[in-house]
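The values are calculated or read from the model by the stated rules, or taken from the named source; none is laboratory data. Everything numeric in this text was worked out from a predicted model, so none of it was measured. Here Cβ is always computed from backbone atoms with ideal geometry, including for glycine, and neighbour counts include all displayed protein chains. Side chains included, ligands, DNA and RNA excluded: accessible areas come from the protein's heavy atoms. Shrake-Rupley method; radii C 1.70, N 1.55, O 1.52, S 1.80 Å.
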Amino acid sequence: MKSDATAYARPSKITVPKHAHPAAKIVFAEMHRQGVTYDELEWKSGVQRTTFKAWRHTSAPGLETLSAALGALGCELLPCPPLDALAPAVRRG
């Protein structure tokens, strides 16, 4: 998800905090994988950088901000039942 100005490969400095909310961890992991910075995600998602920083330590993401962040990363928020609630044929694939 790089713009032409930042198309060069740079190592991501984004880390996944151990004690963050599980949904926030997904956002940070995807930011790291794609090499997206906080500034880039703020611009693409419309969610303030300070919100993402707060997810690291002090707050859990709300549904709207989580959906916006994931959408900007090319992902969707999709609820699913726990694996053990699925039929065995579905679990096996």
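Of note:
- Qualifying residue in the stretch 40-50 (condition: assigned to a helix (DSSP H, G or I), farther than 23 Å from Pro79 by Cβ and touching a Lys or Arg at 6+ places or on another chain (Cβ under 7 Å)): yes
- All positions within the stretch 28-51 that are within 14 Å of Lys13 (Cα to Cα) and either touching a strand residue (DSSP E or B) at 6+ places or on another chain (Cβ under 9 Å) or among the aromatic types (Phe, Trp, Tyr) (or both): Phe28, Tyr38
- Residues that are part of a helix (DSSP H, G or I) and either open to solvent by less than 50 Å² (accessible area, probe 1.4 Å) or under 13 Å from Val16 (Cα atoms) (or both), drawn from the stretch 51-63: Thr51, Phe52, Lys53, Ala54, Trp55, Arg56, His57
- Pair list, Cβ under 6 Å, 6 or more apart: the stretch 3-23 residue within 13 Å of Glu40 (Cα to Cα) and open to solvent by less than 90 Å² (accessible area, probe 1.4 Å), other residue of a type outside the set (A, V, I, L, M, F, W, C) and at pLDDT 75 or above: Ser12/His32; Ser12/Gly35; Ile14/His32
- Once the stretch 24-39 is narrowed to residues that are aliphatic (A, V, I, L, M) and open to solvent by less than 20 Å² (accessible area, probe 1.4 Å), the residue that is farthest from Leu77 (Cα to Cα) is Val36.
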